[in-house]
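This report concerns only the one structure given below.
What follows draws every value from the coordinates through simple rules; no lab data is involved. Everything quoted here is computed from the prediction, not taken from an experiment. Reconstructed Cβ throughout: ideal geometry from the backbone, glycine too, with neighbour counts over all protein chains shown.
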Amino acid sequence: MAVGEQLQKKSKQWVLDLVVLIICPYRHWFVTYEKKFRGNVCMGNDVPCKFLSIGSAEIKMHDGVVRILTEVHHVLELKKNLVFVGAMDLEGFSCCVEGGVMQIRGNKKFVVM
């Protein structure tokens with residue numbers, strides 16, 4: 001009951017998200033997988049979820065091209081995959097949003113996502 005009450009409370013605090021993670025709940029998408037407990041991530045509803053491992057995962061683009069993302073954290077409790085744009089920036093990619101379409105571009109300005 002205390003947890004339910006806590007989740008219903010509104011906060012006047014602002015959260016500045018500087019997370020640079022890529023998170024995926026699907027174990028079978030990983031091409032490399034290093035089991036280790038890496039900590040917790042606190043979801044929007046204040047529920048902590050454990051990182052189970054870190055590795056590389058495959059993602060299929062809309063055009064059928066398969067890309068490999070590295071430093072992907074496996075979080076089983078998630079319902080969706082998350083790629084934080086800050087993680088792509090640290091890897092040298094740039095983000096461009098125009099006309100409602102977001103593109104992630106590589107160092108030679110070609111579109112990778």
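Lysine pairs in the stretch 16-105 whose alpha-carbon atoms fall under 20 angstrom of each other, counting only those eight or more residues apart or on distinct chains, come to 6. Extension gain for the segment Ile68 to Met102, taken as residue separation times 0.36 nm less the Cα-Cα distance, is 10.4 nm to one decimal. Sorting the segments 66-72, 88-94, 42-48 by their residues' average number of neighbouring beta-carbon atoms within 10 angstrom, most packed first, yields 66-72, 88-94, 42-48. Available extension along the chain between Leu21 and Asn81 is 20.5 nm, counting 0.36 nm per residue and deducting the alpha carbon span.
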